[in-house]
Structures are given as structure tokens and as C-alpha cells.
Amino acid sequence: MPHKLPDPQYVKENYQYMTLSKELEENIYIFQVLLKGNNDMVFRQISIGDKKVKAFLVYVDGMVDKLLITRNILEPIMIETRKLNKIIYTNDQLFNYINEYFITTSEVNVKDKIGDIIDDLLSGETILLIDGVEKALIISTKGWEGRNIAESTTESYVRGPKEAFVETLRINTSMLRRRIKHPDFVIENMKIGKYSKTDVSIAYIKSIAEDKVVQEVKKRLKKVQIDGVIDSGYLEEFIEDNPFSPFPQIAHSEKPDKVTAEILEGKVAILVDGSPFALMVPAVFVQFFQAAEDYYERYFLSSALRILRIAAMFIALLFPSIYIAETTFHQEMIPTQLAISIAAQREGVPFPALLEALFMEITFEILREAGIRLPMQVGQAVSIVGGLVVGQAAVQAGLVSPAMVIVVAMTGIASFSIPAYNVAITFRLLRFIIMIAAGTLGFFGIIMVVMMILAHMASLESFGVPYLAPMAPSKTQELSDVLIRIPWWAKILRPRTIQRKNIVRQEDTRG
Amino acid sequence: MKRFIILILTIAILLTGCWDKREINQLAFVQGLGIERGKDDMIHLIVEILKPGLLTAGGGGTGGTGGGSAAGKPYAVFQASGVDFAKAFANLNDELPRSLFMQYNEIIFLDEKFARSGIYQTLDFMTRNPEFRRTAYILVVTGGSIQELFNLPSSNELERYPYKEVMGLISNQANTASSYVSDLNEFIETLEIPKKAPITGRLVIVKKDGKATGIRLSGSAVFDNDKLIGFLEEQDTKAVATLMNKLKRSTLTLDKGLKGEKAHISLVVTKARTQISPKIKDGDISFDIKVNVEAYLNEQETKYELTEPENLEKLQTMVSKKIKTAIEHALFILQKKYNVDVVGFVDILHKRNPALWKEVEKDWDKIYPDVKFNVAVKSVIKRSGLSSKPIHPR
């Protein structure tokens, strides 16, 4: 008696609400309708036990561990089930026997909704369908080729853990779990992306992280209705507080040690499958100037380096502008000898200082961009061309003055010393605005734009935490981790700007 | 729409800028401003303007400055005159291809004749105009014209142009205190204290066969109000500096040995503190001047051992006496010869005894020449250089 198969169009539209039927033939038909044309789909027909019950094994080639399937699924159910000949059983009983006695992988689930089964199938699980049973066995066989854990390429330390996140979410969460062995450490999962169905994990410590922040993170993530999430950067733009600000309001890192440290301070980490960069919220401005290494090196050195970095920030932001303002409006502020030497260098330079600076800065930015995108071998050629042509030749051709080359070089180097790349980019952009203000209004212009930037920064918030905290609003005690870093044994409390639930970090062991 | 308006406003604000923009290479850096009074009573300005291209060796890398460093002086001298300072200044500007930039000028040279005729109007212009530094030093040039100073043969100079040479002299005189150089600020402040007279440095142009060959900072010029009235010798200048508590370091030479024999002993004064307090007795005003001096022995032609307390005591007494004589001499000159109060006794009296000051203020010019000063000097010799005992040749 031929069973009447459903209409393919109907299946395509409604498969998410459908459940498996008793007829294996119909089930396979539905799968084939949905996944037609994919040559990486494997439908393996087998017979089980002495009764030769028909069954289908379905998986995606390349996403599963084939050795696991052969040894732990096929071998037991094709060979061992023959020993069942003494027992009388129904197909449903057979299904349970297989689940309980035969399949020897660690994780097996039973599901009957076709939508769920398809999702699992496409994320690398193996499906076992048995004739006459309305359920399917979802056998965990995920195993694909991924990148090995390697040293970080974007954040490198002299001292400290070297490993970095990879593209596989499970490996990343395991790296965090290995560092925080406490039942309060929670890793929650959700799927985002209509087509990509990307796994996203939210990691935090229940007893430290502020509940409101956790709820807010979940709420904002649930709102995301994009077709696919390729990198954590997608989500960052969706969930940040002020999307029109040039300042990053969410920190990211590819170092598990850094993320762990942030989680211990009460922050919430968001990990996205396929992206080695974890997001951390809430973020404050100063944290972009704190390298993880600050906490591993001795505190004297770390404090000195932090001060140096803040100085570098001001140089990166203001140095060319100050040069322009001083040479075109406020010459009296330059020491006499230096002014004479700058004037001598500028004799014969055809452009005003502002144009000269813009020309050099833009050239420098182009060089930097070219250097990042190019393969390493070609990149070297670019830096030679940049160094020689732009530096030496432009001076000799009388296009720019040597002092300007020094200013631009200083600015460039200073901007590299900011640990967080995303803030460094912000400063690179703002620098041009300040330069134009300096070239038209002198110091007045610089101060005006800086005030505007400061006002904007003061108005920013990241998940309820003021962006400039703990400087504004001022929390005197927490300033001990801003410009300087006090030794670990003196850090009795956690930063209260992030959370107020559980503020004692350690007992005061030094009195 | 709101954003558009903000954009327009930003552009409007930025475009109103630029109006006072001057590129640094379009400026005429003035270093050395001389003021004279011409024959027709006109104000005569002489400026030394630097040529940056020639000044910085290696600065010729950029296009237009390949003139070679040996070719000519690194500065040019320009002059202009006018009925007042502002007019002369404007005339000077008309002679120059670049705009005058006074901010780097830290010395104002006054011709002796001009200084004697009064410098009030110059001071007025300079304090009104933001381009002039209030920290610029004032020097009175004697023994030659400012023109001669600015065209001093470079073979006789250590620095590359006369202004720098003078600048060096000013900072170097701190070692000997043989001159007292005021800046514009101090000069004007002094002028504003009633009855107090400003002094400033005197620059002497040394001549040989009628040609200027060198310069020397020597003594100081005394003003009565804004008019130059005379000069103080180097010794008197040191004494005045001591009284004003401005002496930082100086040298002192005694021309007698400890037992009165003819020999020289030189000391370096490293510290001098003066306290002046007014005394009123039977309506007569007098001032008690207490000076504490610290010094060390620099050279002696005799062979006394200063480790002996007796010798040390004696030397200290001699030093005190010498300083006392010098101070009394300087006070005599100021009181009797010029009848001006450079030290600021008026100020002290005013502060300590305002009631009395009100009474005597009107007649002060008559009272001042007869005011008595009781000078008491206490000196301490702290060290004798590297050697505690003199060399005893066999």
C-alpha cells in the first residue's frame, strides 16, 4: 500500500511545525526535499538486527567525525544488534535499546520536531531514523577541521599567557571554563541569525555580575534579527548604546586571560561562534588604555607605562594640531631657536602648514592601510617606499618641511602605542577634525573641539555605566587603577562602577 | 534638517577663522630693537632682523635657501623714523617684505640721548601692544650708537649675531653682578611706585681708533622717573643690588692682608641678605640696614691659614668693613649726587609706617638727601675652596 507523500511546496513552507511520521519513507522524503541538491549530505541506509529493520543515518560530510560514526554508531548497531535475535521487540523498543545499549558516543538526544532535527543536522550532528518510530536519535558527532589554538597576533605580550581564542565557540568557552572553576560561572547559549543560526554564548559569574546588565545584554541580543552573524563585530554594532559615537563602547579581546579578568570584575562576555574576538560589556574609556600585561608585570613598571600611554594618547590626538596652531597663529609660544629653525625649514615650502600637515597625515594613513592589507613580503616594499619617498623625497622636493615629517612620525608612533586598536582608530579620525580647527582658529579651535569631544564622551554610557568612569563621575578610590596600577595585594575591592553586588575581591592580608 | 543647520553653523565658525593667520616663514623675527632720538626730534627705530635660512646650518635642504652659510651675516639691520613710536613702527613695517614679529625680542636698546629725553611714550606703546614682551630687558647703550652695536664685526663675537652676544652677557653677569639689568615689567612696576627710581643695565661699546671693537656690560643706568640722569659704577651697582636683595653671586677683592700689608685677597660672595627697617627719632627719619653676607675664599696672595679661628675672624671683619664702605658709598651717590631712591626706602617706609609716610610724602624730595643710614654688615666665610691650607713653597 503506497503511502501518500506530502506536497514538496507544503513541506518547504511548514517543516518547522512538522513532526516525524511513522513511515521512514516519508521522513526521508521530507529530508530530501529540504536538502535537495546538497552533495555534502550523506543518507546512509542500513538494516538493524536480525529482523532487518530499515533505518537511515543522515549527516553532513565534513562536519562530523567519521571515525566516531564508524566505530561508535555503525559498528554497534549493524553488528552487535544481531545478538538481539532471542528477544521479541517492537521497533519502538528497538529504538530505545539502540539509544541505551548500543550507541557508544557521549551525547545522544531524542527529538521529533523536524525543524530542530534539521538545525542539529546542519550544525554537525548525526541523525538516526528508524522505520516505524516517530522519533529520531540525535547523536553528537561534531568534529570538523578548525584552527589550532595559537599565539595571539593582534595582542601580544612580553609576559603573560600567550594563547588566543579560535573560531570554534566550544574551544573558546572551554578556555574560559578552565580559568574559572566555580559553579557560579555561567555560560548561556543562544542562536542568532535567521540563516547562519550562529551560536552565541554569554559568559558571566552569577554572584558578581550585575543582574540588570545580564538581562540587558540578553534583551538586546534577542532583538537582533539579522540574516547572519559572521563576527562579533556585527553584534557589537547592534547592542552598543550610542551607535553614532566615534568611540567604541564595547571592548573586545582575543585573549582568554583578559576576558577572564574582566568577567571576574563583574563584566559580561559575549562569545560568537566563528569569531576569535569576545565582546566585553560594560566598557569604560580608561580600559582601552590598559594592556593586560599591566597586571602581569610589576606595578612600578606598569604604572610608568600607563602614564606613558596617556601621554602618547595626547600626542596622537593633538601633536599635529599644536604644531599647526603654533606655526600659523601662536609663533610666540615656540622657543626662539626652534622657531628660527622651523622658519628656515619652511622657506620654500609652498603650502600653508595645515595643508602640509593634512598631506603628510593622509599619506601616512594610506601607507599604514596599505601595509595592513598587503601580504607580508609586499608590505616590506611598501614601508621602504613610504619611508624613502614620502619622508626623504618629499622634503627634498620642497613639498614638506623636515619638522612636519618628524611631527607626523611622532604622531604615528604614538598612536601605535595605544593598546586598543579600535580606540586608536577613533583618535586617528578625530585628529583630522582637530587639525582643521587648529588651522583655522588656532588654539581656540583646538580647545573648542576638545571640549566638544569631552562633552560627548561624558554623555556616553555603556550598559548603564558612565563612559568616563571612574574619572567622571569621580570615584577617588578607583583612580588607583587608572593612571597608575596599585599592587595586587592592595586591590581589596572590585571596581564599583561596574557592579555593586559583590565588591570584595580579596581579604586584606597585608593589614 | 537639524543636522544640516549644525553643519552650516560649524562651517561658518570655521570659515571666520584664518583672518590672523601668518605662516611662520612669513615673519620677520626681530631680535634686538634699538630706539634713538634723531636730530629732528623724531623717534628712530633700528631693528636686527634674523635670516633663518642662513642661521640654521643644514636648514638649506629645502628649496630656496641654498645660499651658502658663509655668505654674509645671518641678519639684516633695518631702520625707520617717525614722530612717535607707533608711526616709526608703521614706517618700519612698510620697509619690510615680511611682517614684523616682536615676540622673540627680549632686549630693548635705548640710546643714551633718547633715554635722557624720557622714554614714557615708548613704554606706553609697548605695554599697549600685545606683540611686545613684558619680559624684555632694557639696556642703555653708551660709548657709541646702536647702529654700531648692530654692525659689530663678527670676528670679535662668540655668538653669531650681536643680539645673542648681549643676551649672553646679561645671563652671564649673574656671576659677578657688575650690572643690574631690569626688564620691562620691573621697570614699569618701579615707575609706578611714587618716588622710587628705576635702574637698568648699561651697555658700553668699546672702541679702538674710533671703531667699535667690542661690548661690555658695566654698571647701571639710573633713571629719575622716565628720564636717564646718570650712571652707577660697577662697585656701586653691586652695593645697590645687595640692598635690593637681588645679589646672587659676586666677587670681592680686598687690597690689604690680614695684618695691613699690601696684598690682595679675593672672595666670592654667594649669599647676601639685607633687612631694612625705618627708625624715627625726634621726627628724624633714619634707616637701619642689616646685611648678612656669606662668602668663600677664592684667592689669597698671603699665606694665612684660615683654619685658625683668629685669622678667620679677622678676615670676616675686613670683608664686612669693605662691604659696609661700598654700601655707604653707593648710598652717598644716590642721595647726594642724583637724589633718587633706587633701593625703595620709600616703599619700606610706606609699608611700615603709613601714617608717617602720609605726612612726609609731599616733602620727601627735600627730606631724602639728609636721611641717615646705619649700615651693619655681618659676613661669614664658609669655605676656602678646595684647599684648607695654603701651599707652602720651600
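So if R0 is 60 Å, what FRET efficiency would A:His182 and A:Arg71 give, r being the distance between their Cβ atoms, rounded to the nearest 0.05?
Details: r = 36 Å, r/R0 = 0.59.
Efficiency, from the Cβ-Cβ distance: 0.95.
So if R0 is 35 Å, what FRET efficiency would B:Ser387 and B:Gln235 give, r being the distance between their Cβ atoms, rounded to the nearest 0.05? Could the numbers behind the result be given before it?
Working: r = 28 Å, r/R0 = 0.81.
Efficiency, from the Cβ-Cβ distance: 0.80.
What does the structure give for A:324-336 when I average, per residue, the other chain Cβ atoms found within 10 Å of the residue Cβ?
Averaged over the peptide's residues, the number is 4.
With a 10 Å radius around each residue's Cβ, average the other Cβ atoms per peptide and rank A:439-448, A:184-193, highest first. Provide the component values of the computation, followed by the final result.
On the way: A:439-448: 19.8, A:184-193: 15.9.
So the order, starting with the most tightly packed, is A:439-448, A:184-193.
Go through region A:343-360 residue by residue and turn each phi into a ³J(HN,Hα) via Karplus (6.51, -1.76, 1.60, θ = phi - 60°); whole Hz please, and just put x for glycine and proline.
4, 5, 5, 7, 4, x, 7, x, 9, x, 4, 4, 5, 4, 5, 4, 4, 5
If amide H atoms are built 1.01 Å from N in the plane of the peptide, which residues on other chains or at least 5 residues away come under 5 Å of the amide H of A:Val166?
So A:Val166 has HN proximity to A:Asn172.
Going down the list B:Lys248/B:Lys362; B:Lys211/B:Lys271; B:Lys208/B:Lys378; B:Lys262/B:Lys382, which pairs span over 32 Å between their C-alpha atoms?
Working: B:Lys248/B:Lys362 35 Å; B:Lys211/B:Lys271 40 Å; B:Lys208/B:Lys378 43 Å; B:Lys262/B:Lys382 24 Å.
Where the Cα-Cα span goes over 32 Å, the pairs concerned are B:Lys248/B:Lys362; B:Lys211/B:Lys271; B:Lys208/B:Lys378.
Using a 7 Å offset from the Cα along the Cα-to-Cβ direction at both A:Thr476 and A:Gln396, what is the distance between the two label points in nm, to one decimal?
With each label point 7 Å from Cα toward Cβ, the separation is 6.1 nm.
Filter the cross-link list A:Lys54/A:Lys194; A:Lys66/A:Lys113; B:Lys164/B:Lys321; A:Lys219/A:Lys475 down to pairs whose alpha-carbon distance in this structure exceeds 27 Å.
A:Lys54/A:Lys194; B:Lys164/B:Lys321; A:Lys219/A:Lys475
In whole percent, what relative contact order does region A:52-202 give with Cα contacts below 8 Å and a gap of six or more residues?
It rounds to 22 percent for region A:52-202.
Given only helices, namely DSSP H runs of n ≥ 4 each adding -39500 (n - 2.57), what is the per-residue ellipticity at 222 nm of the protein assembly as shown, to the nearest 500 deg cm²/dmol? The partial results should precede the final answer.
Working: 30 runs with 329 residues, N = 905.
The helix contribution divided over the protein assembly as shown gives -11000 deg cm²/dmol.
Once you have the Cα-Cα distance between B:Leu7 and B:Arg22, take 0.36 nm times their residue separation minus that, and quote the gain in nm to one decimal.
That pair, B:Leu7 and B:Arg22, stretches by 2.7 nm at full extension.
Counting only the backbone N, which residues of region A:437-471 are under 16 Å from the spot 7 Å out from the Cα of A:Met190 toward its beta-carbon?
Hits in region A:437-471 for A:Met190 at 16 Å: A:463.
Going highest first, how would you order B:181-190, A:16-25 by mean Cβ packing within 10 Å?
Sorting B:181-190, A:16-25 by mean packing, highest first, produces B:181-190, A:16-25.
What distance in nm lies between label points placed 7 Å from Cα along the C-beta direction at B:Ile280 and A:Lys218?
Result: 8.8 nm between the two label points.
Using the Karplus curve 6.51 cos²θ - 1.76 cosθ + 1.60 with θ = phi - 60°, what ³J(HN,Hα) values do you get for each residue of region B:251-268, in whole Hz, with x for Gly and Pro?
Calculated HN-Hα couplings, in order: 10, 8, 10, 8, 9, 9, x, 5, 9, x, 6, 7, 6, 10, 10, 10, 10, 10 Hz.
Roughly how many Å is it from the Cα centre of region B:317-391 to that of region A:205-228, as a whole number?
Rounded to whole Å, the Cα centres lie 82 Å apart.
Which aspartates and glutamates have a Cα less than 17 Å from the Cα of A:Lys501, not counting those fewer than 8 places away in the same chain?
Those aspartates and glutamates meeting the cut-off are A:Asp184, A:Glu210, A:Asp211, A:Glu216, A:Glu262, A:Glu265, A:Glu478.
With each pseudo-label sitting 7 Å past Cα toward Cβ, what's the B:Thr302-A:Val158 distance in nm, one decimal?
My value for the distance between the label points is 6.4 nm.
Go through region A:271-280 residue by residue and turn each phi into a ³J(HN,Hα) via Karplus (6.51, -1.76, 1.60, θ = phi - 60°); whole Hz please, and just put x for glycine and proline.
10, 10, 5, x, 10, x, 9, 8, 8, 10
Take the alpha-carbon centre of region A:307-334, take the same for region B:189-235, and report the distance between them in whole Å.
42
Taking a point 7 angstrom from the Cα of A:Leu308 along the C-beta vector, which residues in region A:152-169 have backbone N less than 13 Å away?
Hits in region A:152-169 for A:Leu308 at 13 Å: A:158.
Restrict the search to region B:332-381; then list the trypsin sites (Lys or Arg not before Pro) that DSSP places in a loop and that have at most 13 other Cβ atoms within 10 Å of their Cβ.
Passing sites in region B:332-381 are B:Lys362.
Want the number for A:Tyr421 to A:Asp7: 0.36 nm per residue separation, take away the alpha-carbon distance, what's left?
Gain on extension, A:Tyr421 to A:Asp7, equals 143.6 nm.
Between A:Arg373 and B:Glu95, what FRET efficiency comes out of the Förster formula 1/(1 + (r/R0)^6) with R0 = 45 Å and r the beta carbon distance, rounded to 0.05?
Plugging the Cβ-Cβ distance into 1/(1 + (r/R0)^6) gives 0.20.
If you take the alpha carbon radius of gyration of region A:169-283 and divide it by 2.2 N^0.38 Å, what ratio comes out, to two decimals? Intermediate values should be presented prior to the final figure.
Numbers: Rg = 13.1 Å, N = 115, 2.2 N^0.38 = 13.4 Å.
Ratio of Cα Rg to 2.2 N^0.38 Å: 0.98.
Sequence-distant or interchain residues sharing an amide H contact under 5 Å with B:Val375, placed H: which?
Amide H to amide H, under 5 Å and 5 or more residues apart or across chains, B:Val375 pairs with B:Ile289.
Throughout, read-outs are computed from the coordinates displayed, never taken from laboratory work. Predicted model only: the values in this text are computed from it and were never measured. We place every Cβ from the backbone using ideal geometry, glycine too, and count neighbours over all the protein chains shown.
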